[in-house]
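The values are calculated or read from the model by the stated rules, or taken from the named source; none is laboratory data. Predicted model, so just to flag it, every value in this text is computed and none were measured. Counting neighbours? That spans all protein chains shown, and the Cβs are built from the backbone with ideal geometry, glycine included. Ligands, DNA and RNA are stripped out before the accessible areas are found, and what is left, the full protein with its side chains, is counted by its heavy atoms. Shrake-Rupley method; radii C 1.70, N 1.55, O 1.52, S 1.80 Å.
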Amino acid sequence: MDMMKVAATEKPSLSSPSALASTIKFIQIPKSETFLQPTLEQTRQTHALMVKTHFNGTKFSPSAQFNFLITSYTKNSQPHSALDIYTYLRRMDYEVDNFMVPAVLKACSFVSNTQLGKEIHGFAVKNGLTEDVFVSNALIQMYSECDSVVSARLLFDNMYERDAVSWSTMIRCYVRSKLYMEALEMIRKMQILQIRPSEVAMISMITLFADLMDVETGKAMHAYVTRNLEKMSFQLTTAFIHIYAKSGNLASARLLFNGLNQKTVVSWTAMIAGYIHCNKLEEGMKLFARMIEERIKPNEITLLCLVVECGFVGALELGKQLHVYILRNGICLSRALATALVDMYGKCGEIRNARAVFDSVKDKDVMIWSAMIAAYAQTHCIDQAFDLFVKMRENGVRPNQVTMTTMLSLCAETGALDMGKWVHTVIDRQAVEMDTILKTALLEMYAKCGDIDGAWKLFREVRDRDIGMWNTMMAGLGMHGCGKEALELFSEMEREGVRPNDITFIGLLNACSHAGLVEEGKLIFEKMVHAFALVPKIEHYGCMVDLLGRAGLLDEAYGIIKSLPIRANSIIWSALLAACKLHHNTVLGEMAARQLVYLEPQNCGYNVSISNIYAVANRWNDVAEVRKAMKNKGMRKEPGLSCIEVNGYVHEFIMGDKAHPEIEKINDMVSEMGNKLKEAGYMADTSAVLRNIDEEEKETALNYHSEKLAIAFGLISTAPGTPIQIVKNLRVCKDCHTATKLLSKIYQRVVIVRDRKRFHHFRDGTCSCGDYW
């Protein structure tokens, strides 16, 4: 690379060596003096003049001048120019010293160039520069920002000496990668070694406690700072505002905010974001307006934080107002801000606005492509998500872990196994780095798409399993009715020394529930409380009610509800209601339904459930009353929906569907299925039709349930012997369950159905659930 080409973008206006020297001095002055960062234009002019004078125009050495250029280009968001200079210097065999290396590493971090960062690391080791703690800290920071946590920790462990910055940088690295337990372990080691944390380290710790929602430890840190520091800086104060606001303690956050003598845009951002995070949208907007009135101009980071929080809480109107503010004030819509807007609109279900923002960005990076794909996935636009993914690859944008995790989650949700396998192939071909999150998403996709053997094989191949992967595998086994296998895997996890968390026990209790392992489930609950000292959450009690209720132990399940140390919520009552519906207990079911209607009056499902309980008991007048009340409130029952993937496309069916382009062939197959079922001795179970109509009409209605239409389409669209996989949004009804068992034997097909609760593997006239679901 020619040094003249780097500098040729601007004509120099710094006409004298003295002007050049004064510009370079910007980065040479002591920290106690006022620091003025040269602008990009000044940097380019200075660079051009340096080239013109052959780097002899000042008293500063060429090395110092190159340091200035690399630092200034990086700080002006031109890391590629900084790296071009470094590459030129190495090729020309210029001296690269311990002052230059950290600046170059910062530029590597900007562009996530891990490969060059590793090359610089090797150069630093070879030349003995890593003995300088400043260089080693810069290397840790570079690995952290390039998501190479293992390399960062390896370097940290092998440092000649560590200072407080080394520890704080490593803690930040773990927090950035959401490895919270490892970050906490670093803090404990600091305490043991009696290393006094720097202010930066304390801010990293506070950020960690905020992410963990550990407000008590945050308060203890606040007390420590108050005792040990004469005056708390505004950076520390802002960090405490963040943790208090994020944990819902807005009063303490506001007290700290009001106590600031000089509020910066950062402190305003933390306080406003706190209000939005706690869904106090009106207060948040008032404070935003006040910030504008006080002539504190929100920067890109402010708007980015606020838009992200709007997406988090689903505050669409506030998000739109922020978007309007950006447009009206001519604020440059950076890729980061555009990505946040796409993400916010996607999470709020506004797919058109998300696409409009996406289309307005000219130079799209992988993050905004991933955000738009996720927006389609969140709004169940399956085809559009896959089309956009294909277009992304056609545009030469290489997918990353975030993109692939989104695609796998979409496949898992829709049960699209073929698509999921194709995504797995893309991951391998594109050599996408397989971190633990992506591996877990891949495992979950196979499990949720019905291929539990594929999930198990992948799990066994992985060596660096974290608790999330163990939990996903156990939950997958539970969904497939493999309760005993899930318990055996838990025992293996214990032997390997992996400590379970509350999610582990939710998966295990569900696995016991689906497999009818009542006594085993009770023992698991006791083990959670007594062996691992975990306080049961409402979800655990809900699992216990489901476990007992599904087994017909309704009185015992109700006894748990009555003895709860916390007030029962909809999770608890809906588990009891489902059990009452299964075992035809009208009295207890009616009581549970009343509780649910009180807690969630707009939830249509609970009204439908009590209506169904009345229908089973032939209380048609009560059924009519419930349905009339639902109609008056504008409620509509969620229709049964069954999906089947054929040749890479997902086809959806509802009961009595007439919209499918091949509906005539499907109906012919439904008739054929009906005739063969009757020949096999099948008799329709009309108790599944909870309407006051005659038996013949009920039988006709059963024939056109959505899963039967999906099976019919699978039979006419796939080769004989091909497994048929269906995803259903509701629980499989008794009649369809009986019919599918017979159809699997009649047509010699394996039929895999995933309903709202679990998987059913139909094969040779039997089901994997053992008729216990």
Residue ID - farthest from SER136 (Cα to Cα), chosen from residues in segment 183-198 that are within 30 Å of the chain's Cα centre (by Cα) and crowded, with 16+ Cβ neighbours inside 10 Å: LEU184
Contacts under 6 angstrom Cβ, first residue in segment 463-475 being touching a residue at least 24 places away in the same chain (Cβ under 8 Å), partner among the acidic types (Asp, Glu) and buried (at least 18 other Cβ atoms within 10 Å of the Cβ), 6 or more apart: THR472/GLU444
Residue that is surrounded by the most Cβ atoms within 10 Å (Cβ to Cβ) [pool: residues in segment 127-147 that are assigned to a loop (DSSP other than H, G, I, E, B) and under 20 Å from the mean Cα position of the chain (by Cα)]: CYS146
Selected residue (criterion: most open to solvent (accessible area, probe 1.4 Å)) from residues of segment 306-340 that are β-branched (Val, Ile, Thr), within 23 Å of GLU282 (Cβ to Cβ) and under 24 Å from the mean Cα position of the chain (by Cα): VAL308
Complete set of residues in segment 631-643 that are more than 18 Å from CYS733 (Cα to Cα) and touching a helix residue (DSSP H, G or I) at 6+ places or on another chain (Cβ under 7 Å): MET635, ARG636
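For segment 221-241, state whether one or more residues are part of a loop (DSSP other than H, G, I, E, B), open to solvent by less than 40 Å² (accessible area, probe 1.4 Å) and either at positive phi or of a type in the set (Gly, Ala, Ser) (or both).
Yes.
For segment 154-181, how many residues meet the condition of being without any contact (Cβ under 8 Å) to a residue 24 or more places away in the chain and either under 24 Å from ASN113 (Cα atoms) or buried (at least 16 other Cβ atoms within 10 Å of the Cβ) (or both)?
Going through segment 154-181 one residue at a time, the tally reaches 4.
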Residue count for segment 610-652, restricted to those that are open to solvent by 80 Å² or more (accessible area, probe 1.4 Å) and outside any loop (DSSP other than H, G, I, E, B): 8
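This table checks each residue for (1) over 22 Å from TRP620 (Cβ atoms); (2) of a type in the set (Lys, Arg); (3) under 34 Å from the mean Cα position of the chain (by Cα).
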{"position": "LEU553", "(1), (2), (3)": "yes, no, no"}
{"position": "ALA557", "(1), (2), (3)": "yes, no, yes"}
{"position": "PRO565", "(1), (2), (3)": "yes, no, yes"}
{"position": "ILE572", "(1), (2), (3)": "yes, no, yes"}
{"position": "MET591", "(1), (2), (3)": "no, no, no"}
{"position": "TYR598", "(1), (2), (3)": "yes, no, yes"}
Check on LEU316, within 20 Å of MET205 (Cα to Cα) and modelled with pLDDT of 90 or more: no
Extreme residue, farthest from VAL225 (Cα to Cα), among residues of segment 250-265 that are modelled with pLDDT of 90 or more and either in contact with a strand residue (DSSP E or B) (Cβ under 8 Å, 6 or more places away or on another chain) or crowded, with 17+ Cβ neighbours inside 10 Å (or both): LEU250
Search result, residues across segment 503-530 that are acidic (Asp, Glu) and surrounded by 15 or more Cβ atoms within 10 Å (Cβ to Cβ): GLU520
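Yes or no, residue by residue, for (1) within 26 Å of the chain's Cα centre (by Cα); (2) farther than 19 Å from LEU208 by Cβ:
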position	(1), (2)
ALA223	no, no
THR237	no, no
LYS246	yes, no
LEU256	no, no
SER267	no, yes
Filter result for SER370 (of a type in the set (Gly, Ala, Ser) and open to solvent by less than 10 Å² (accessible area, probe 1.4 Å)): yes
Residues of segment 267-282 that turn out to be open to solvent by 80 Å² or more (accessible area, probe 1.4 Å) and either within 23 Å of LEU236 (Cβ to Cβ) or assigned to a helix (DSSP H, G or I) (or both), as a count: 1
Output for segment 704-724, where each listed residue is in contact with a helix residue (DSSP H, G or I) (Cβ under 6 Å, 6 or more places away or on another chain), within 14 Å of SER642 (Cα to Cα) and open to solvent by 20 Å² or more (accessible area, probe 1.4 Å): HIS705
When residues of segment 763-773 are limited to those that are part of a loop (DSSP other than H, G, I, E, B) and of a type outside the set (Gly, Ala, Ser), the one least open to solvent (accessible area, probe 1.4 Å): CYS769
Single residue of ASP453, ASP466 found to be farther than 19 Å from VAL753 by Cβ and surrounded by fewer than 20 Cβ atoms within 10 Å (Cβ to Cβ): ASP466
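Select the helices (runs of 4 or more DSSP H) contained entirely in segment 9-119, then report the ones holding at least 2 residues which are at pLDDT 65 or above and hydrophobic (A, V, I, L, M, F, W, C).
Those helices (runs of 4 or more DSSP H) span 40-52, 62-75, 79-91, 100-111.
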Test: residue in segment 471-487 that is in contact with a Pro (Cβ under 9 Å, 6 or more places away or on another chain), among the hydrophobic types (A, V, I, L, M, F, W, C) and crowded, with 21+ Cβ neighbours inside 10 Å: no
Subset of segment 488-500 (residues that are surrounded by 15 or more Cβ atoms within 10 Å (Cβ to Cβ) and over 27 Å from GLY415 (Cα atoms)): MET493, VAL498, PRO500
Test: residue in segment 85-105 that is crowded, with 22+ Cβ neighbours inside 10 Å, under 21 Å from LEU40 (Cβ atoms), free of Cβ contacts under 8 Å to residues at least 40 places away in the same chain and of a type in the set (Ser, Thr, Tyr): yes
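Results for (1) open to solvent by less than 10 Å² (accessible area, probe 1.4 Å); (2) of a type in the set (Gly, Ala, Ser); (3) within 17 Å of the chain's Cα centre (by Cα), shown as yes or no for each residue.
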| site | (1), (2), (3) |
| --- | --- |
| SER409 | no, yes, yes |
| THR414 | no, no, no |
| GLU433 | no, no, no |
| LEU443 | yes, no, yes |
| ALA447 | yes, yes, no |
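Rundown of residues vs (1) within 30 Å of the chain's Cα centre (by Cα); (2) in the same structural domain as LYS676 (by the TED database); (3) outside any strand (DSSP E or B), yes/no style:
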| residue | (1), (2), (3) |
| --- | --- |
| VAL727 | yes, yes, no |
| LEU730 | yes, yes, yes |
| ASP735 | no, yes, yes |
| LEU742 | no, yes, yes |
| LYS745 | no, yes, yes |
| LYS757 | yes, yes, yes |
| HIS761 | yes, yes, no |
Residue in segment 536-551 that is touching a residue at least 12 places away in the same chain (Cβ under 8 Å), touching a helix residue (DSSP H, G or I) at 6+ places or on another chain (Cβ under 9 Å) and of a type in the set (Asp, Glu) present: yes
Any chance ALA223 is farther than 25 Å from GLN141 by Cβ, of a type outside the set (Asp, Glu) and out of contact with any strand residue (DSSP E or B) (no Cβ under 8 Å at 6 or more places or on another chain): yes
